[in-house]
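Trainee: I have a structure here, written as structure tokens, and I will follow up with some questions on it.
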Amino acid sequence: MRISVNGQAHDLDVDPETPLLWALRDEIGLTGTKFGCGMAQCGACMVHVDGMPIRSCVTPVSALEGRDIVTIEGISGKEADAVRQAWVALDVSQCGYCQSGQIMSAVALLSVEPKPDDKAINDGMAGNICRCATYPKIRAAIHAAAKSLEG
Amino acid sequence: MKSLLALSIAGLVGLSVAIIGPVAFGQQPATRDLRAPVDFASIQDRTQRSVALFEEAGKVITHPRCANCHPAGDRPSQGMDMHPHNPPVVRGEGNMGAPGLQCTTCHGEKNAAIPTSSIRSIPGNPQWHLAPVEMAWQGKSLGAICEQIKDPARNGGRDLAKIHEHMASDDLVGWGWNPGDGREPAPGTQARFGEIIQAWIDTGAACPKP
Amino acid sequence: MGFQTPITSRRAILKGLGGLVLAAYLPSVARAQEAGTKPLPPLVPNAFVRIAPDDTVTILSKHIEFGQGPWTGLATLVAEELDADWAQIRVEHAPSDVKLYANLAMGAQLTGGSTAIANSYMQMRRTGAAARAMLVAAAAKQWKVPASEIKVEKGVISHASGRTSRFGALAEAAAHMPVPTDVVLKDPANFRLIGTDLPKPDTFVKSHGQALYTLDLRDPDMVIAMVARPNRFGAKATAVDDSQARKIKGYLSSAIIPQGVVVFAKSTYPAMKAREALKITWDESAAHKKGTKAIVADYMEQSRQPGAVAATRGNAMAKIAAGGTQIVEQTYVFPYLAHAPMETLDAVVRFDGQKAACHFGSQGPTIDQGAIATALGIKPENVSIDVALAGGSFGRRATASGDFAAEAATCAKAYGKNVPVKLVWTREDDMRGGFYRPLYVHRMRGMVAPDGTISAWHHTIVGQSIMGGTPFEALMVKNGIDDTSVEGASDMPYRVADFQCDLHSTKQGVPVLWWRSVGHTHTGFATETFVDMLLEKAGKDPIDGRLALLDASAREAGVLKAVKELAGWKGRKAGDKGYGVAVHKSFNTYVAQIAEVMRDENGQPKVTHVWCAVDCGVAVNPNVIRAQMEGGIGYGLGHALYASLDLDESGQVVQTNFDKYRSLRIGEMPVVDVVIVKSAVAPTGVGEPGVPPIGPAVSNAWRALTGTAVTHLPFVPGETA
């Protein structure tokens, strides 16, 4: 089986049912994508597939041949730059474990909705749990990233 | 229904509650079967037979596997107790979820087994999305749902033949009978459901009293 | 990203750079004063600062960073006295070594009780000052000028002659200077870093997917271990059939261990699949089989009788028994709660038969070294732990038994080969794994005098002791009272003539543990909602009424006044909004909060705004303090509103993942405004004290809005519990 991650092809010799999350982490060595719940509840495992946000913990690798997978390590473009800059400038993270997923969701949100209001942030980020409750800073960082994209 | 039990507890501590609706969604008869049109042949009156056929189809329509994604509001429900969907997803434009958290963020093209989890699998279908709000079933009587299904203004502009096609062969509708490990399927089969709908149409597509 | 740092690399780096490690000897008398308690162990060398030729200054943090900000805080203290430029500061975890890295408030290398800043305040400042003095001495020697003429500012050492140097160029020479026996610390008026918002040193890696947690550690020889645990606490595995597991590619072996059955596999998903495929026979003869409902019923019954007296003055029971119309009685139920940090428990242990090299997010390295040593049958000094970042803890990564560290060691021993074994827990393991905030029932009775003062207060608490049955029991449980069961209740701050707080410590087969803010999680809720009800009965304003029951100089009064001003308090209700206040001291930090609460479309509480005033002494990192208040509010609010860890009638855990153990999400997080009360008192912690006031503030606001007092948590019971 061959999948493309961050523009690089990887041949995998695993059970086709293996969730992408574990292929990324254990086989390819990309550990920025996190395990939090294993059932698409918390969003720590968020990646992009063909530009769309996807939960890697419930997506079998067999569904991904020929698709373009991007992880936190490979995300690029103006939305990604704006989001990461805002995340750093506002010191969003506490324990930091969920933040890869938060950032992947935020980039996906801004790619479709460049100027989200608070409700759009609530709706688009509802799938990402932060047990440290960094939510006020996540919200502020998304607004800040949106503002920086205007200019 | 467990959710009502929980809600009644909520009532005790002073929280007012939203009642699900006049139809007992999710409360299924013990039998998992769907009767065949021939089983209704003994009903002499054509309209009564039609109504009875629709009521049989109602076992499917009100089954949580189907009704969960026909919510009246912006949030689907899930589980046999039809609790609000968690994570708290919203309908979004085009009934596909919100930017950043679309239906397809978690629901892939096929049911995905997650044997390590209590829910056993995540539902999947290439077309996974919510029914449009004008096709909402939750909170409505079976009669009202029936009238709505026949109303082109509220059924996506379908005539009865198209309705049958949708019910009998749509792949996402068919998911209700193939919901993945850990999930109770809708009663009967999609083929039998199609036959019931066809027989209902053939008998004049009469509706139960609203 | 390729292969990641092998397990023992940090130690190798430390050795390799040994010449540049600035060792600072701290006078034991001064250290004893810092700790404010007993004399400390004899003089020991401390290694906290490493200055590299490239001019980076690396601070070794003796406290684990899992979100509460000790990396920033400890580095700030060192950098302040070192007069370093903040941009040159890096932080890493110190390895396990209790002689060097003990928490001075505890005598063990352990992070907890919101003590990181409090116990390090003087120690880290002295360390920075000592390092500065050694750099200055090196410069003086090289430049042949008196040390007293040398200035240090923002990472630059200079002399009036025009000579200047960065730290890096002098590091080697400085390492050979004698360690000062005493140092002069700055006058706080001259602080340049302390009290300012400094960028956190761990932010960049955490914003780029580059931060390494235990789960991220890899090694070509690494084996994954997962443990199948029983459905009920206390059951034991007696037999295992792995014939189905053997068909799974990547499966290696399995073994019965005291915790259950461990599965070994080459990677994580095969380990999960193989664990599912095992057929295990369990002996449930000693298993816990009691459900939450039955436990609550028992506790309710027990609460009708007074327990062991934790604190008493006057005769509250007699006064209440004498009766009167102005008696208020209230019963409270607090469920078991899981910590559920985002990163589930995990640990890497490599055991060669004599020594264990470990790498994981260890909250209490000293405890974990002991637990691992016991599990392996070796001496604690033969166990080394490299501390990794952890994805949250909230207390779960420290247990008196070192539970998951010992489990990882047991697994490594069972595997029997000299390779790194990584123990991985799933979320289900975490939720079903015990070590919960205990379930408590409180019964409170109080009496309001005709003049509106509170004349009697009787508080009975029923629940498991978190110290009972642990090595801490002898130290922490006195005369039947585990202080962590009654803290915040037995010492509640209000002036009441006749007062009693008593305790029934119960036994259950459910493992329990401290949970972010420990006893204050329930005592704060009970005392602060109860006083609010008594004040309402007395016809008093919740804030002015509280102030009248406090000394004017009380720090509780200070934060109450500050939060009142911040929120522009106008009373308990305005239109469709209710307002509630709560104030609580925990870990010597004082926090008052006002919550604004509305009804949502389903009639459930929606918390829209929280105002928070905190007095934690000197504010070392205001940005961290504000973030911890926000985080504490979010953590406390999410659990008060939605979370309950229940056992069914047969003793099995009902909520096994976030689908049923509902966590606060972004749309449920209120706007939070924080004011930090100015103080010159030595700093105290902020990791936990933001938690206790939010539940009662919301409950008081809800009562103001609806007339209903919520006293059984959570507010919104689960849909499927």
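Trainee: If you go through the stretch A:83-96 one residue at a time, do you hit one that is part of a loop (DSSP other than H, G, I, E, B), of a type in the set (Val, Ile, Thr) and within 9 Å of chain C (Cβ to nearest Cβ)?
Mentor: Start the filter on the stretch A:83-96 by keeping residues that are part of a loop (DSSP other than H, G, I, E, B), which leaves A:90-96.
Restricting the remaining residues to those that are of a type in the set (Val, Ile, Thr) gives A:92.
Going one step further and asking which of them are within 9 Å of chain C (Cβ to nearest Cβ), we end up with A:92.
Looking for residues that are part of a loop (DSSP other than H, G, I, E, B), of a type in the set (Val, Ile, Thr) and within 9 Å of chain C (Cβ to nearest Cβ), one finds at least one in the stretch A:83-96, hence yes.
Trainee: Touching a helix residue (DSSP H, G or I) at 6+ places or on another chain (Cβ under 7 Å), in a loop (DSSP other than H, G, I, E, B) and either in contact (Cβ under 8 Å) with a residue 12 or more places away in the chain or away from chain A (no Cβ under 11 Å) (or both): does that describe C:LEU170?
Mentor: Values: touching a helix residue (DSSP H, G or I) at 6+ places or on another chain (Cβ under 7 Å): yes; in a loop (DSSP other than H, G, I, E, B): no; either in contact (Cβ under 8 Å) with a residue 12 or more places away in the chain or away from chain A (no Cβ under 11 Å) (or both): yes.
The answer is no for C:LEU170.
Trainee: So is C:GLY568 buried (at least 17 other Cβ atoms within 10 Å of the Cβ) and at positive phi or not?
Mentor: Numbers: buried (at least 17 other Cβ atoms within 10 Å of the Cβ): no; at positive phi: yes.
Spelling it out, it is not the case that C:GLY568 is buried (at least 17 other Cβ atoms within 10 Å of the Cβ) and at positive phi.
Trainee: Could I ask something else about it? Residues of the stretch C:423-451 being on the phi > 0 side of the Ramachandran plot and touching a helix residue (DSSP H, G or I) at 6+ places or on another chain (Cβ under 8 Å), which ones?
Mentor: Answer for the stretch C:423-451, where residues must be on the phi > 0 side of the Ramachandran plot and touching a helix residue (DSSP H, G or I) at 6+ places or on another chain (Cβ under 8 Å): just C:PHE435.
Trainee: A follow-up question, please. Please enumerate the residues belonging to the stretch C:260-283 that are closer than 23 Å to C:GLY651 by Cβ and in contact with a Lys or Arg (Cβ under 6 Å, 6 or more places away or on another chain).
Mentor: Listed by number, the residues that qualify are C:GLY260, C:ASP283.
Trainee: Could you check the stretch B:192-210 and list, in sequence order, the residues that are crowded, with 17+ Cβ neighbours inside 10 Å and at positive phi? Walk me through it before giving the result.
Mentor: Keep residues of the stretch B:192-210 that are crowded, with 17+ Cβ neighbours inside 10 Å, which gives B:192-201, B:203, B:205-208.
Listed by number, the list holds a single entry, B:ALA205.
Trainee: With (1) out of contact with any helix residue (DSSP H, G or I) (no Cβ under 7 Å at 6 or more places or on another chain); (2) farther than 30 Å from A:ALA89 by Cβ; (3) within 14 Å of chain A (Cβ to nearest Cβ); (4) part of a helix (DSSP H, G or I) as the list, and C:VAL205 as the residue in question, which single condition is left unmet?
Mentor: (2)
Trainee: Okay, next question. Here is a check on your reading of the model: is B:HIS85 in contact with a Phe, Trp or Tyr (Cβ under 8 Å, 6 or more places away or on another chain) and more than 7 Å from chain A (Cβ to nearest Cβ)? Please lay out each step first, then the result.
Mentor: Working: in contact with a Phe, Trp or Tyr (Cβ under 8 Å, 6 or more places away or on another chain): no; more than 7 Å from chain A (Cβ to nearest Cβ): yes.
It is false that B:HIS85 is in contact with a Phe, Trp or Tyr (Cβ under 8 Å, 6 or more places away or on another chain) and more than 7 Å from chain A (Cβ to nearest Cβ).
Trainee: If you don't mind, there's one more thing I want to ask. Restricting attention to the stretch C:200-230, which residues are within 22 Å of the chain's Cα centre (by Cα) and either assigned by TED's automatic domain parsing to the domain that holds C:ALA390 or touching a residue at least 24 places away in the same chain (Cβ under 8 Å) (or both)?
Mentor: The initial filter retains those residues of the stretch C:200-230 that are within 22 Å of the chain's Cα centre (by Cα), namely C:200-203, C:206, C:211-215.
C:LYS200, C:PRO201, C:ASP202, C:ALA211, C:LEU212, C:TYR213, C:THR214, C:LEU215 - these are the residues of the stretch C:200-230 that are within 22 Å of the chain's Cα centre (by Cα) and either assigned by TED's automatic domain parsing to the domain that holds C:ALA390 or touching a residue at least 24 places away in the same chain (Cβ under 8 Å) (or both).
Trainee: Here's something else I'd like to know. Regarding C:ALA294, is this residue small (Gly, Ala, Ser), in a helix (DSSP H, G or I), out of contact with any Asp or Glu (no Cβ under 7 Å at 6 or more places or on another chain) and in contact (Cβ under 8 Å) with a residue 40 or more places away in the chain?
Mentor: yes
Trainee: Only one of C:GLY685, C:GLY667, C:GLY634 is farther than 12 Å from C:ALA338 by Cα and either assigned to a loop (DSSP other than H, G, I, E, B) or among the aromatic types (Phe, Trp, Tyr) (or both); which? Show your work before the answer.
Mentor: Working: C:GLY667 fails: either assigned to a loop (DSSP other than H, G, I, E, B) or among the aromatic types (Phe, Trp, Tyr) (or both); C:GLY634 fails: either assigned to a loop (DSSP other than H, G, I, E, B) or among the aromatic types (Phe, Trp, Tyr) (or both).
None of the others qualify; the one that does is C:GLY685.
Trainee: Counting only residues that are buried (at least 18 other Cβ atoms within 10 Å of the Cβ), part of a strand (DSSP E or B) and in contact with a helix residue (DSSP H, G or I) (Cβ under 6 Å, 6 or more places away or on another chain), how many does the stretch C:571-590 have?
Mentor: 9
Trainee: Here's another thing I want to ask about it. If we keep just the residues of the stretch C:392-430 that are under 18 Å from the mean Cα position of the chain (by Cα) and assigned to a helix (DSSP H, G or I), which is surrounded by the fewest Cβ atoms within 10 Å (Cβ to Cβ)?
Mentor: Filtering the stretch C:392-430 for residues under 18 Å from the mean Cα position of the chain (by Cα) gives C:392-405, C:430.
If we keep only those that are assigned to a helix (DSSP H, G or I) too, we end up with C:403-405, C:430.
Working: C:ASP403: 21, C:PHE404: 28, C:ALA405: 32, C:ASP430: 23.
Checked the stretch C:392-430; the qualifying residue surrounded by the fewest Cβ atoms within 10 Å (Cβ to Cβ) is C:ASP403.
Trainee: Working carefully through the options A:ASP123, A:ASP117, find the one that is more than 7 Å from every other protein chain (Cβ to nearest Cβ) and of a type in the set (Asp, Glu). Give the steps one after another, and end with the answer.
Mentor: Values: A:ASP123 fails: more than 7 Å from every other protein chain (Cβ to nearest Cβ).
Exactly one residue qualifies, and that residue is A:ASP117.
Trainee: Same structure again: Return a yes/no flag: does the stretch C:57-68 have any residue that is part of a helix (DSSP H, G or I) and within 27 Å of C:TRP515 (Cβ to Cβ).
Mentor: Filtering the stretch C:57-68 down to residues part of a helix (DSSP H, G or I) leaves none.
For the stretch C:57-68, residues part of a helix (DSSP H, G or I) and within 27 Å of C:TRP515 (Cβ to Cβ): absent.
Trainee: Suppose the filter is in contact (Cβ under 8 Å) with a residue 40 or more places away in the chain, more than 21 Å from C:LYS606 (Cα to Cα), buried (at least 22 other Cβ atoms within 10 Å of the Cβ) and under 17 Å from the mean Cα position of the chain (by Cα); does C:GLN628 pass it?
Mentor: On the way: in contact (Cβ under 8 Å) with a residue 40 or more places away in the chain: yes; more than 21 Å from C:LYS606 (Cα to Cα): yes; buried (at least 22 other Cβ atoms within 10 Å of the Cβ): yes; under 17 Å from the mean Cα position of the chain (by Cα): yes.
Answer is yes for this residue.
The values are calculated or read from the model by the stated rules, or taken from the named source; none is laboratory data. If you're wondering where the values come from, they're calculated on a predicted model, not measured in any experiment. Neighbour counts are summed over all protein chains in view; Cβ atoms, including those assigned to glycine, are modelled from backbone coordinates with ideal geometry.
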